[in-house]
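Asks: First, the structure itself, so that you have it in front of you.
Derivation of every value follows stated rules applied to the coordinates shown; laboratory data play no part. These numbers come from a predicted model, not from an experiment. Neighbour counts run over all protein chains shown; Cβ positions are idealised from the backbone, glycine included.
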Amino acid sequence: MTSLLAFLHHVAAFALVAVLAIEFVLIRGELTMQRARQLQLADLAFGAAAGTLLVVGFLRVFYFEKGSSYYFRSVPFIAKLTLFVIVSLLSIYPTVEFLSWRKHVKQGRAPVIPERKLRFIGALICWELIAAALIILCAALMARGVGYVG
């Protein structure tokens, strides 16, 4: 079971990064109806990956692996968890915006969004990607026992 959860955790993490990269590319082009729909689907996949990552991660911390008393003494783990919260908070604005496009997309029209707003959403997604890269760094540090305060 431990190996299966580790596998699911890694797949969800890779999916989250991949979907963020897809969103980053899509938001930079012309916002067509098709691209708006692709962004909505990508954001849905992002939410599923993030939810899976959170649930499986906490199962691993509290019921499998080394236990919560170990992980909460790890500076990289605390940083990783903090960064995950930051990514989650940064993702709220793009998600709300993408959801607001539903009516337009259902009608087969591209939403009309000011260029400045699209650039802002792109910047948020870029910061999410940077934070995700830092999460990966924290995971590598955790694996090596760096920053463990035992």
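Asks: How far apart, in nm, are the 7 Å Cα→Cβ label points at R35 and F7?
Replies: Rounded to a tenth, the inter-label distance reads 3.8 nm.
Asks: Provide H104, H10 in ascending order of the number of other Cβ atoms located within 10 Å of each residue's Cβ, fewest first. Write down the numbers at each step before the final one.
Replies: Values: H104 16, H10 13.
Final ranking by Cβ density, sparse to dense: H10, H104.
Asks: Moving on. How much mean residue ellipticity at 222 nm does the chain get from its helices, if each DSSP H run of length 4 or more adds -39500 (n - 2.57) and you divide by all residues, to the nearest 500 deg cm²/dmol?
Replies: On the way: 6 runs with 122 residues, N = 150.
Rounded to the nearest 500, the figure is -28000 deg cm²/dmol.
Asks: Pop the C-beta distance of K106 and A18 into the FRET formula with R0 = 35 Å and round what comes out to the nearest 0.05.
Replies: Values: r = 27 Å, r/R0 = 0.76.
With R0 = 35 Å, the Cβ-Cβ based efficiency is 0.85.
Asks: Moving to a separate point now. Please sort by residue number the chymotrypsin sites (Phe, Trp or Tyr not before Pro) in the stretch 1-104 whose DSSP state is loop and whose Cβ has at most 16 other Cβ atoms within 10 Å.
Replies: Details: sites: F7, F14, F24, F46, F58, F62, Y63, F64, Y70, Y71, F72, F77, F84, F98, W101; in loops: F64, F72, W101.
Those satisfying the criteria are F64, F72.
Asks: Another question, then. For the pair S68 and I130, what calculated FRET efficiency results from E = 1/(1 + (r/R0)^6), where r is the Cβ-Cβ distance and R0 = 25 Å, to the nearest 0.05? Please report the intermediate quantities before stating the final value.
Replies: Working: r = 28 Å, r/R0 = 1.11.
That pair, I130 with S68, gives E of 0.35.
Asks: Can you pull the three principal axis extents for the Cα set of the chain, in Å, largest first?
Replies: 56, 29, 18
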